[in-house]
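Engineer: Below is one structure. I have some questions about it.
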Amino acid sequence: MAGAALPTAAFPSLETALKHHFGYDQFRLGQRPVIEAVLKNQDALVIMPTGGGKSLCYQLPALLKLGVMVVVSPLIALMQDQVDSLTDNGVAATCLNSSLDYGSIRQREAELLAGNVKLLYVSPERLMSPGFFGLLEQLIKTVGVSGFAIDEAHCVSEWGHDFRPEYRQLSVLREKFPQIGVMGLTATATERVRVDIAQQLRLRDPLIQVSSFNRPNLFYEVRPKGRDGYQELRRQVKQHQGSGIIYCLSRKRVNELAQRLTEDGESVLPYHAGLSDDTRRENQTRFIRDDVRLMVATVAFGMGINKPDVRFVIHYDIPRNIEGYYQESGRAGRDGEPAHCTLYLAYGDVATAEYLISQKPDEAEQRIARQQLRQMVDYAETTVCRRRVQLSYFGELELLEGLCHQCDNCTNPPPIEDWTIEAQKFLSCVARCQERFGMAHVIDVLRGSKKQKIMDLRHDQLSTHGIGKDRSVDEWRLLGRSLLHQRLVDETSDGYPVLKLNAASWQVLRKQIPVQVAVPKDFTPGPAEASTIEDTTEVAQLLTVLKALRKKLADQQSVPPYVVFPESALRQMARTRPQTLEAFGQVSGVGSRKLTQYGEVFTDAIRQFCADYGLESDPGAAARRSRPARERRQAVGDTHRQTLDLHRQGLSLQEIADQRGLKATTIANHLEQIIRQGETVAVDQLVDVNRQRTIVTVLTELENASLTEIRDRLGPTFSYEDIRLVRAAWQMEHSP
Ligand code: ADP
Ligand code: ZN
């Protein structure tokens with residue numbers, strides 16, 4: 001019997017079922033069509049970025065159909081995680097894999113055949129093991145099988161980054177059980193792998209759902225890793241809240257960094273393939289359960305780590321390619337809440353990576369690796385929108401129309417300066433040094449150094465000695481790198497980098513081409529950090545209380561905290577302070593099971609908190625109180641100040657943008673941050689009042705929705721700028 005759809009009289013709509021089982025009010029983009037296809041037994045190929053909400057695409061149908069949904073998943077740790085989460089939601093789920101003893105396998109099989117289980121997670125090995133197909137046949141004859149879901153389906157493809165031969169055999173499912181729907185799910189971004197999956201799994205007229213790979217909640221930035229890179233890293237780690245992953249290129253670097261951070265009092269564990277299985281498992285569990293805040297890891301860490309509330313991912317060394325970077329940084333913010341991705345760029349690291357590439361035996365492999373590294377460096381050095389670079393890499397550029405606001409280059413565009421004179425000084429110094437030295441030496445000469453080496457070589461006699469004293473070493477380096485990057489000078493690549501002039505260098509020297517350099521400004525916090533500004537002390541304190549409660553309940557059940565409630569739900573509780581079960585049930589992420597299980601304890605804690613702090617039960621009332629002047633006067637940066645001044649002179653967005661030579665989106669971004677810092681901005685002057693009303697209606701309807709979701713609802717006539725401004729003002733009014 002192929003699982004037919006249950007008579008769903010109990011759920012007049014799929015949304016009702018979603019709220020009941022998972023506590024969510026809305027489907028994410030792409031979920032509904034897949035769920036509808038699965039309910040009809042149609043095959044499906046689901047391609048969504050990490051955090052897109054793939055699991056729900058088979059979990060909800062599993063609950064709505066008769067029989068068992070069989071989920072193939074490559075990682076045993078992940079399997080247990082999913083089963084825990086589902087069980088906590090009151091969904092009957094179990095798994096079968098090699099880590100179980102014979103007794104528990106027998107017991108689980110009996111439960112399956114008794115019809116007590118809706119979702120069965122199996123490893124591919126288990127699925128192919130003798131006897132398993134017998135079990136399947138029995139299930140089909142008795143309780144029914146509602147579908148096969150192949151998670152991490154890219155493992156079937158040799159073109160993917162994680163090919164597993166066992167996955168190849170999964171095509172027999174389609175042959176042996178033609179009446180049962182098969183779906184493949186993956187976060188792979190490349191076209192070739194997608195096509196391969198559909199072929200390898202022999203999907204039959206599948207619904208192909210490809211979601212955008214844009215992850216609007218992630219803030220991307222690149223920072224230079226200077227001499228005090230470590231201190232800078234520490235500062236950043238302190239700035240962030242919540243869990244974070246720090247990626248390094250080698251095991252050695254992981255160990256060193258983990259140790260140093262530990263010595264400095266950070267809560268850290270290392271993870272790499274050189275550690276024993278037990279240690280790795282334990283470190284991973286402690287990270288997932290929030291016993292430890294930071295994971296310092298090689299790329300061995302991550303795939304299948306289903307921790308949705310990672311708030312930041314730092315690449316302390318340059319990754320090898322953009323696809324890898326996208327996947328690794330994408331482990332931040334799976335829950336859709338703001339998260340931060342930082343890449344540190346040091347040219348020394350690039351040189352090391354290049355050296356490692358040159359050690360590869362195969363020349364074709366070297367070429368590919370070199371090109372990929374080059375693309376990565378281009379990404380790091382770009383002065384245009386980072387998201388644009390990523391998405392164009394995945395062939396999705398057309399989806400992004402000047403609307404990122406979520407990368408360092410968009411929120412804080414580096415000014416372009418004319419450095420032609422400096423470039424001429426630099427290049428003529430390269431020439432005077434007879435093209436036999438590297439950048440550091442050339443800069444020493446320019447800056448008039450009297451180092452022994454300079455004296456020995458008599459380079460203090462060169463006409464270029466000391467002509468660059470007016471610029472710092474860092475500025476000269478910036479110029480040198482920019483010249484290299486623009487191919488206005490060359491560097492030998494045999495491990496001893498020496499600067500060489502090329503034809504373009506001579507054009508610069510002959511004043512035939514000007515040289516422009518993007519001069520990065522100091523970091524200013526992007527929206528991810530800005531959003532914490534809106535949390536008043538009470539909200540933050542209540543959030544801390546609720547997190548502690550969540551951790552306690554999670555530990556009692558030996559599950560990760562996010563299994564109890566996602567971060568977004570806790571935030572909403574802290575903001576709205578629901579004190580009755582009814583109000584608590586309204587929180588997004590609270591389904592009926594969670595309401596019964598946790599409603600009492602959480603509302604108790606919230607009531608207690610309100611009593612302790614003498615707070616009103618209706619935070620809306622608090623919002624109407626004005627904020628103290630001291631709080632309002634958060635330091636507004638200089639560039640923001642200029643924007644604000646022009647705004648107060650009555651200029652429109654576009655007029656301010658024109659006057660300042662910036663993009664309108666940047667101005668909108670300034671104004672948004674200013675609003676969030678409690679300054680008065682005349683939104684009426686910027687957005688038509690009727691449009692404001694429409695936006696507010698949607699905001700109320702879609703609480704906690706992402707900007708994209710809000711815009712989707714409003715339609716293309718509403719600009720992101722308008723939505724952001726109105727949303728910021730609205731949120732400020734409604735936060736206590
Ligand atoms: P993926 O497997 O695609 O990486 P998950 O299935 O783990 O993503 O989902 C990521 C997070 O999003 C989970 O915390 C999940 O509970 C949440 N989620 C999924 N669907 C929705 C929805 N419709 N509304 C709100 N949150 C959702
Ligand atoms: Zn951008």
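Engineer: Could you tell me the ratio Rg/Rh of segment 218-395? Both radii from Cα atoms, Rh via Kirkwood.
Structural biologist: That ratio is 0.95, to two decimals.
Engineer: If you don't mind, another one. So, taking all protein chains as they sit and a 1.4 Å probe, how much accessible area belongs to Met128, in Å² rounded to tens?
Structural biologist: We get 50 Å² for Met128.
Engineer: Another question, if that's okay. Taking R0 as 35 Å, what FRET efficiency do you get between Val384 and Leu457 from their Cβ-Cβ distance, rounded to the nearest 0.05? Mind dumping the intermediate values first?
Structural biologist: Details: r = 41 Å, r/R0 = 1.16.
So the FRET efficiency works out to roughly 0.30.
Engineer: Using the Cα gyration tensor of segment 623-734, with a ≥ b ≥ c the square roots of its eigenvalues, what is the shape: rounded (a/c below 1.5), prolate (a/b larger than b/c) or oblate (neither)?
Structural biologist: oblate
Engineer: Amide H to amide H, which residues 5 or more places from His315 or on other chains are under 5 Å from it, using H placed in the peptide plane?
Structural biologist: Tyr247, Thr342, Leu343, Tyr344
Engineer: Also, quick follow-up: So what is the relative contact order for segment 416-518, in percent, with contacts set as C-alpha pairs under 8 Å and at least six apart?
Structural biologist: Relative contact order of segment 416-518: 39 percent.
Engineer: Just need the relative contact order of segment 537-619 here, percent rounded to a whole number, with Cα pairs under 8 Å and 6+ apart.
Structural biologist: 29 percent
Engineer: Quick one: check the C-alpha center-to-center distance for segment 547-570 versus segment 319-354, whole angstrom.
Structural biologist: Going from one Cα centre to the other spans 28 Å.
Engineer: Continuing with the same structure: Rounded to the nearest 5, what % of DSSP beta bridges with both residues in the chain are antiparallel?
Structural biologist: Close to 10 percent.
Engineer: Spelling out what I want: for every residue of segment 543-559, take phi, set θ = phi - 60°, compute 6.51 cos²θ - 1.76 cosθ + 1.60 (Karplus), and round to whole Hz; glycine and proline get x.
Structural biologist: Listing the rounded values in order: 4, 4, 4, 5, 5, 5, 4, 4, 4, 5, 5, 5, 5, 4, 9, 6, 10 Hz.
Engineer: Follow-up. Step through the table entries Lys65/Lys551; Lys425/Lys453; Lys225/Lys663; Lys500/Lys663; Lys65/Lys176; Lys54/Lys594, compare each Cα-Cα distance with 27 Å, and write down the pairs that go over it.
Structural biologist: Violating the 27 Å Cα-Cα cut-off are Lys65/Lys551; Lys225/Lys663; Lys500/Lys663.
Engineer: Determine the per residue accessible area of the chain with all protein chains present and a 1.4 angstrom probe, expressed in square angstrom.
Structural biologist: For the chain, the solvent-accessible area averages 44 Å² per residue.
Engineer: I would also like to ask the following. If I model a spin label at Asp362 and Tyr230 as a point 7 Å from the Cα along the Cα→Cβ vector, what separation in nanometres do I get?
Structural biologist: Spacing of the two 7 Å Cα→Cβ label points: 3.8 nm.
Engineer: If each residue of separation counts as 0.36 nm, what is the full-extension length gain between Arg370 and Gln138 once their alpha-carbon separation is subtracted?
Structural biologist: Full-extension gain reported as 78.2 nm.
Engineer: Identify the residues of segment 716-732 with backbone N under 12 Å of a label point that sits 7 angstrom from the Cα of Asn690 along the Cα-to-Cβ direction, or state none.
Structural biologist: It comes to no residues whatsoever.
Engineer: Note the full-extension length gain between Asp470 and Asn502 as 0.36 nm times their separation in residues minus their Cα-Cα distance, in nm to one decimal.
Structural biologist: So the extension gain works out to 8.9 nm.
Engineer: Oh, and also: Between Ala300 and Thr279, with labels modelled 7 Å along Cα→Cβ, what's the label distance in nm to one decimal, could you check?
Structural biologist: A separation of 0.9 nm, rounded to one decimal place.
Engineer: Long-range amide H contacts for Leu66: which residues qualify at under 5 Å (H placed 1.01 Å from N, peptide plane, sequence gap of 5 or more or a different chain)?
Structural biologist: Distant-sequence amide H within range of Leu66: Ala4, Leu6.
Engineer: Then there's this: Classify segment 416-518 from the C-alpha gyration tensor, please: rounded if a/c falls under 1.5, else prolate or oblate depending on whether a/b exceeds b/c.
Structural biologist: Numbers: a/c = 1.65, a/b = 1.34, b/c = 1.23.
Since a/c reaches 1.5 and a/b is larger than b/c, the shape of segment 416-518 is classed as prolate.
Engineer: Full-extension gain between Gln434 and Tyr613, please, as 0.36 nm times their residue separation minus the C-alpha to C-alpha distance.
Structural biologist: Contour length minus Cα-Cα distance gives 57.1 nm.
Engineer: Oh, and also: Over the Cα atoms of segment 295-432, what radius of gyration and what Dmax do you get, in Å?
Structural biologist: 17.7, 57
Engineer: In nm, give the distance between the simple-model label positions of Ser250 and Arg510, each being 7 Å from the Cα along the Cα-to-Cβ direction.
Structural biologist: Those two pseudo-labels are separated by 4.5 nm.
Engineer: Suppose only helical runs count, i.e. DSSP H with n ≥ 4. What mean residue ellipticity at 222 nm does that imply for the chain under -39500 (n - 2.57) per run, divided by all residues and rounded to the nearest 500 deg cm²/dmol? Please report the intermediate quantities before stating the final value.
Structural biologist: Working: 38 runs with 373 residues, N = 736.
Roughly -15000 deg cm²/dmol at 222 nm, from the helical runs in the chain.
Engineer: Also, quick follow-up: Would you please report the Å³ per residue occupied by the convex hull of the alpha carbon atoms in segment 537-619?
Structural biologist: Spelled out: Cα convex hull of segment 537-619, divided by residues, is 79 Å³.
Engineer: Which of the trypsin sites (Lys or Arg not before Pro) across segment 192-248 are loop residues per DSSP, with 13 or fewer other Cβ within 10 Å?
Structural biologist: Arg204, Arg227
Engineer: Could you go through segment 52-67 in sequence order and give the Karplus-derived ³J(HN,Hα) for each residue, using 6.51 cos²θ - 1.76 cosθ + 1.60 with θ = phi - 60°, rounded to whole Hz, and x for Gly and Pro?
Structural biologist: Once rounded to whole Hz, the list reads x, x, 5, 4, 4, 5, 10, 5, 5, x, 4, 7, 8, 9, 6, x.
Engineer: Could you let me know the centre-to-centre spacing of segment 701-722 and segment 113-185, using Cα atoms, in angstrom?
Structural biologist: Spelled out, the Cα-based centre of one part sits 39 Å from the other.
Engineer: As I understand it, the dipole of the chain uses +1 on the Cβ of Lys and Arg and -1 on the Cβ of Asp and Glu, about the Cα centre. Which of Gly333, Val310, Val296 lies farthest toward its positive end?
Structural biologist: Working it through, the farthest residue towards the positive pole turns out to be Val296.
Engineer: Also: With Kirkwood's inverse mean 1/r over C-alpha pairs for Rh, give me the Rg to Rh ratio of segment 323-381, two decimals please.
Structural biologist: 1.08
Engineer: Put one equal scatterer on each alpha carbon of segment 8-210, apply the Debye formula with no solvent term, and list log10 I(q)/I(0) at q = 0.10, 0.12, 0.17 1/Å to two decimals.
Structural biologist: So the normalised log intensities are -0.38, -0.56, -1.19.
Engineer: Still on this structure, I have one more. Roughly to the nearest percent, how much of the accessible area of the chain is carbon and sulfur, given a 1.4 Å probe? Before the final figure, lay out each step's value.
Structural biologist: Values: 16260 of 32470 Å².
Of the solvent-accessible surface of the chain, carbon and sulfur hold 50 percent.
Engineer: What are the principal axis extents of the Cα atoms in segment 219-310, in Å, biggest first?
Structural biologist: Result, largest extent first: 36, 27, 24 Å.
Engineer: Above 53 angstrom, tally the Cα pairs of the chain and express them as a % of all pairs, no decimals.
Structural biologist: Considering the chain, 16 percent of its Cα-Cα pairs are separated by more than 53 Å.
The values are calculated or read from the model by the stated rules, or taken from the named source; none is laboratory data. Quantities reported herein were computed from a predicted structural model and do not represent experimental measurements. When we count neighbours, we look across all protein chains shown, and the Cβ atoms used for this are built from the backbone with ideal geometry, even at glycine. Accessible surface is based on the protein model in full, side chains and every heavy atom, while ligands, DNA and RNA are left aside. Shrake-Rupley method; radii C 1.70, N 1.55, O 1.52, S 1.80 Å.
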